[in-house]
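Let me begin by presenting the structure, written as structure tokens, before commenting on it.
Read the figures in this text as sums done on the coordinates, not as results from a lab. Being a predicted model, the structure only gives us computed values, none of them experimental. Ideal geometry is used to build each Cβ from the backbone, glycine not excepted, and the neighbour counts take in all protein chains shown.
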Amino acid sequence: MLEGARQALDHFGTDRPLFIGVTVLTSLVKEDLKEVGVSSQPEEQVSKLAFLAQESGLDGVVCSAAETKLLRVQLPDNFVLVTPGIRRPEDVSGDQKRIMGPAEAIQNGSNFLVIGRPITGADFPDDALAEFNSAVANVS
């Protein structure tokens, strides 16, 4: 199914969108996985699903920033890692259980950060966005 979906994008040529799969939601921990019949640790499950995605021709995956360092060792450098659950120390974690700061996420190998409620729920969203941009501006 993943390979078929990937092939459906071929007609876009070089203008095709990135094909990104989802691994384990950042709102889930081991106990949550166990409830749905997955006995492995979140990191193990993310790794399995990322390998499956890569073997099926996907361009990358959505994963917690906690797994990016491991995936950078296991997968090609051009495999895209999209990471939600990005929070500053003062941000409420909400339903997000596997979170990380923006600079650390980039240092661990994240290509794209997904930052929602810490910006959209802020009293001053423009200021919050500027803080996140500043936090990653000089990270390599």
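How much of the DSSP beta bridge set in the chain is antiparallel, as a percent to the nearest 5? Of all bridge pairs located within the chain, approximately 0 percent are antiparallel. By the rule of a C-alpha distance below 18 Å, with chain neighbours fewer than 8 residues away ignored, the lysines paired with residue 30 are 48, 97. Helical runs (DSSP H, four residues minimum) scored at -39500 (n - 2.57) apiece and divided by the length of the chain put the mean residue ellipticity at 222 nm at -12000 deg cm²/dmol. Annotation: amide H-H contacts under 5 Å for residue 62 (H modelled 1.01 Å from N, sequence separation of 5 or more, or interchain): 21, 22, 23, 82.
The angle between the Cα long axis of helix 42-55 and the main principal axis of the chain comes to about 50°, on a 0 to 90 degree scale. Placing one equal scatterer on every Cα of the chain and applying the Debye formula, the log10 ratio I(q)/I(0) at q = 0.09, 0.12 Å⁻¹ is -0.30, -0.53. Taking other C-beta atoms within 10 Å as the exposure proxy, 110, 93 rank 93, 110 from fewest upward.
Each of 46, 73, 61 was scored by other Cβ atoms within 10 Å of its Cβ. Listed from fewest to most, they are 73, 46, 61. Across region 4-138, the relative contact order, built from alpha-carbon pairs under 8 Å that are at least six residues apart, equals 21 percent.
Each of 1, 100 was scored by other Cβ atoms within 10 Å of its Cβ. Arranged with the fewest first, they read 1, 100. Anyone know which of 60, 121, 85 comes out most mobile in the 10 Å Cα GNM of the chain? Among 60, 121, 85, the largest mean-square fluctuation in the Gaussian network model of the chain belongs to 121.
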